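Coordinate-derived values only; no laboratory data. What you see is a predicted model; the values in this text were computed from it and never measured. Here the Cβ positions follow ideal geometry from the backbone for every residue, glycine too, while neighbour counts run over all protein chains shown.
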């Protein structure tokens, strides 16, 4: 699946990229969430207030973890666009989705290494 775009029919190769349906992943870095990850600014105030409650935190975790594959595994599986939400927290950039995921620095390094191999 990693090279599915190379196998597109000739007619599809001549079309503008924006006319093709390309597989992507929703909240691509959410695989890195942990149940004890920090609640982030994209959650409503009431969720942020209630998160000391373990049941609420577990619900946010379950709603937020959209991916189980790493970015590299998603790309190898044929994903060709990534969806990430970024926030500036405590002087660093992080990918977020309800909970704080990975630092953007680490993802950028991994992403550059992966993309250079594709």
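Assorted remarks:
- Measuring r between the beta carbons of residue 19 and residue 70 and using R0 = 35 Å, the FRET efficiency lands at 0.75.
- A simple spin-label model places the labels of residue 93 and residue 45 3.0 nm from each other, with each point 7 Å out along Cα-to-Cβ.
- Highest-fluctuation residue, 39, 104, 22 considered, GNM on the chain with Cα pairs under 10 Å: 22
- Cβ-Cβ FRET estimate between residue 35 and residue 80, R0 fixed at 22 Å, reported to 0.05: 0.15
- Computed [θ] at 222 nm, helices only, for the chain once each DSSP H run of length n ≥ 4 contributes -39500 (n - 2.57): -9500 deg cm²/dmol
- C-alpha long axis of helix 54-64 to longest principal axis of the chain, angle in °: 10 degrees
- Distance histogram in 10 Å bins (all Cα pairs of segment 4-111, percent per bin): 14, 38, 27, 14, 6, 1
- Spin-label model distance (nm) - residue 8 vs residue 58, 7 Å beyond Cα toward Cβ: 4.5 nm
- In percent, rounded to a whole number, the relative contact order of the chain is 35, using alpha-carbon pairs under 8 Å and six or more apart.
- Helix axis angle, 104-117 relative to the chain longest principal axis, alpha carbon, degrees: 20 degrees
- Antiparallel bridge percentage (DSSP; both residues within the chain; nearest 5): 80 percent
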